[in-house]
Amino acid sequence: MGRVAIVTGGTRGIGRAVSEALKDAGHTVAATYAGNDDAANAFTADTGIPVYKFDVGDFAACADAVARIEADLGPVEVLTNNAGITRDSTLHKMTEEQWSAVIGTNLNSVFNMTRAVIGGMRERGFGRIITIGSINGQKGQFGQSNYSAAKAGIIGFTKAVALENAAKGVTVNAVAPGYIGTEMVRAVPEEVLKTKILAYIPVGRLGEPEEVARCVVFLAADEAGFITGSTLSVNGGQYMA
């Protein structure tokens, strides 16, 4: 059954794969983005999926955007919180701006967007909230105290909100990717990729964005109603929580 779905950060990388997979599954998708107009316009031209530009770290902007999307497409019943950034630094060198930027985009956005849709989902008795976490929120990562904290926070948020809304037909889950073959990861020098990344992935390869997207489509389905509060790891065996 097709439903209206929002994918934040939905025009590139994993977000694009999720947007396309949800559309292919029959959902009506709205993809959000923050700043790259050229990429967003190209995405819409390629996929036919409408885009909405706003800052997911801004509570009021999220509420306004959800209202616009619902006016355009209908009630939102599936939300994928995917938007994220990195500002890597060891803690003793990290600036307050680096910390706040990552927490704002990667964690505060999850509250902002979920808060904007949760009331309607509860009233209608159906909702699917899926947030993209990270292996680094499960195991930690050198130079990413801000990113790891935000992604770890997603796991706690997911469990709490799942408990609060289970009786209302709303499931809340997370997907935690490992190293995925996005443009950013594939730009890593080949020797570093082989010795520092692939060497630690038991399956011996990077994941594909489409493999993460298939997990989101599964969790978004009506038939996934008995799965809530879970974190699905997609990391090739690199970390087994």
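The values are calculated or read from the model by the stated rules, or taken from the named source; none is laboratory data. As the structure is a prediction and not an experimental result, all values here were calculated from the model. Backbone-built Cβ (ideal geometry, glycine too); neighbour counts: all protein chains shown.
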Here is a check on your reading of the model: is GLY15 within 14 Å of the chain's Cα centre (by Cα), modelled with pLDDT of 95 or more and either farther than 17 Å from ARG128 by Cβ or not hydroxyl-bearing (Ser, Thr, Tyr) (or both)? yes
Checking ILE132 against (1) in contact (Cβ under 8 Å) with a residue 60 or more places away in the chain; (2) in contact with a helix residue (DSSP H, G or I) (Cβ under 8 Å, 6 or more places away or on another chain); (3) hydrophobic (A, V, I, L, M, F, W, C); (4) over 26 Å from VAL76 (Cβ atoms), which single condition isn't satisfied? (4)
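Yes/no matrix, rows are residues, columns are (1) in contact (Cβ under 8 Å) with a residue 40 or more places away in the chain; (2) surrounded by fewer than 16 Cβ atoms within 10 Å (Cβ to Cβ); (3) in a helix (DSSP H, G or I); (4) among the hydroxyl-bearing types (Ser, Thr, Tyr):
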position: ASN136; (1), (2), (3), (4): no, no, yes, no
position: TYR147; (1), (2), (3), (4): yes, no, yes, yes
position: ALA150; (1), (2), (3), (4): yes, no, yes, no
position: ALA174; (1), (2), (3), (4): yes, no, no, no
position: LYS196; (1), (2), (3), (4): no, yes, yes, no
position: GLU223; (1), (2), (3), (4): no, yes, yes, no
position: LEU232; (1), (2), (3), (4): yes, no, no, no
position: GLN238; (1), (2), (3), (4): yes, no, no, no
Any idea which of (1) out of contact with any Gly (no Cβ under 7 Å at 6 or more places or on another chain); (2) in contact (Cβ under 8 Å) with a residue 60 or more places away in the chain; (3) surrounded by fewer than 20 Cβ atoms within 10 Å (Cβ to Cβ) is the one ALA213 doesn't satisfy? (3)
Can you pull out the residues in segment 115-134 that are in a helix (DSSP H, G or I) and either aliphatic (A, V, I, L, M) or crowded, with 22+ Cβ neighbours inside 10 Å (or both)? ALA116, VAL117, ILE118, MET121
